[in-house]
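Peer 1: Here it is: the structure, laid out below.
FYI, it's all coordinate maths here, none of it is from the lab. Note that this is a predicted model, so its numbers are computed, not measured. In this analysis, Cβ positions are derived from the backbone assuming ideal geometry, glycine residues included, and neighbour counts consider all displayed protein chains.
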Amino acid sequence: MNVTVTQDKFLSNSHNKTRLIGLLKTALLGANFAVEQARNDADVLIVNTALTARHSPAVIVSEDVDVLTLAVGLTPPEKKIYFLKLGKGNKRQTVYSTNSLDKYPFCRNNILFLHAFSGCDTTSCFYNHGKKRIFTSFETKLSLDSTFRQAVEVFKRPNQTKEAIFENGMAALLFVYKAPQKTAC
């Protein structure tokens, strides 16, 4: 069979995607593989499945760095999950570990905030502050400031009000851009 469309175009059609998932699920079940289908967020299901795997360490194979971010954020320090990012084009495949950030404790402990704060993908990153730059300044400069640390902690507490999230998000943003904290919105 000749393929006439790109993978991205094929999967952008929700009907195609649903049918493909159904075919794969049927084939894998027929070959006696355990199959779980995500109802909501597949990335969370992937990481939780790796966390509860009978054999340790587990290996997640993906092109999606969001899965690695979740794995680092959700994996306890005493457990290890490997992440294999497949190569594409000229980019080589790379292996990461959930312990890769252990030398950056502030970033490791706040990776989910850092990921959301810096833009979950490169296109939504802050002006003139790429992910790498934010990551570096997060560990070296920002982690030393008590106001910034307190703002970040709010995002880790469940049941925060929208106002608390907004105020502390603004405080963190103003701090990154070295703006006065009393700036009106």
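Peer 1: What pairs in 17/88; 79/103; 103/141 have C-alpha atoms more than 18 Å from each other? Please list the in-between numbers first.
Peer 2: Numbers: 17/88 21 Å; 79/103 16 Å; 103/141 15 Å.
With Cα atoms farther than 18 Å apart: 17/88.
Peer 1: Spelling out what I want: for every residue of the stretch 82-89, take phi, set θ = phi - 60°, compute 6.51 cos²θ - 1.76 cosθ + 1.60 (Karplus), and round to whole Hz; glycine and proline get x.
Peer 2: 9, 10, 9, 8, 5, x, 8, x
Peer 1: Just one of (i) 61, 35, 25; (ii) 44, 42, 24; (iii) 62, 39, 38 is Cα extents along the principal axes in Å as worked out from the coordinates here. Which one is it?
Peer 2: Calculated Cα extents along the principal axes in Å: the matching label is (iii).
Peer 1: Here's a follow-up. Counting Lys +1, Arg +1, Asp -1, Glu -1, what net charge surrounds residue 97 among other residues with beta carbon under 11 Å of its beta carbon?
Peer 2: Taking every other residue near residue 97 into account, the sum is +1.
Peer 1: Something else: Give the relative contact order (percent, whole number) for the stretch 38-100; include only Cα pairs under 8 Å separated by 6+ residues.
Peer 2: The value is 30 percent.
Peer 1: Next up: So if we plug the beta-carbon distance of residue 173 and residue 31 into 1/(1 + (r/R0)^6) with R0 = 41 Å, what FRET efficiency do we get, rounded to 0.05?
Peer 2: Efficiency computed from Cβ-Cβ geometry: 0.25.
Peer 1: For Cα pairs less than 8 Å apart in space and 6+ apart in sequence, what is the mean separation divided by the residue count of the chain, i.e. the relative contact order in percent?
Peer 2: Here the relative contact order equals 11 percent.
Peer 1: Go ahead and run the numbers for FRET between residue 20 and residue 165, Cβ-Cβ distance against an R0 of 45 Å, rounding to 0.05.
Peer 2: 0.75
Peer 1: Would you please classify the overall shape of the stretch 38-100 from the alpha carbon gyration tensor, given that a ≥ b ≥ c denote the square roots of the eigenvalues, rounded means a/c under 1.5, and beyond that prolate means a/b larger than b/c while oblate covers the rest?
Peer 2: oblate
Peer 1: Need the full-extension length gain, residue 7 to residue 112, defined as separation in residues times 0.36 nm minus the C-alpha distance. One decimal, nm. Intermediate values should be presented prior to the final figure.
Peer 2: On the way: separation 105, 0.36 × 105 = 37.80 nm, distance 2.92 nm.
Gain in length upon complete extension: 34.9 nm.
Peer 1: A further question on this structure: Of 80, 178, 88, how do they rank once you tally other Cβ atoms within 10 Å and put the fewest first?
Peer 2: 178, 88, 80
Peer 1: Now a separate question. Taking the number of other C-beta atoms within 10 Å as the exposure measure, put 20, 68, 144 in order starting with the fewest. The partial results should precede the final answer.
Peer 2: Working: 20 13, 68 25, 144 10.
Final ranking by Cβ density, sparse to dense: 144, 20, 68.
Peer 1: What are the ³J(HN,Hα) values, in whole Hz, obtained from phi via the Karplus relation 6.51 cos²θ - 1.76 cosθ + 1.60 with θ = phi - 60°, for each residue of the stretch 165-180 in sequence order, with x given for Gly and Pro?
Peer 2: Rounded to whole hertz, the list is 4, 4, 4, 6, x, 5, 4, 5, 5, 4, 5, 4, 8, 6, 8, x.
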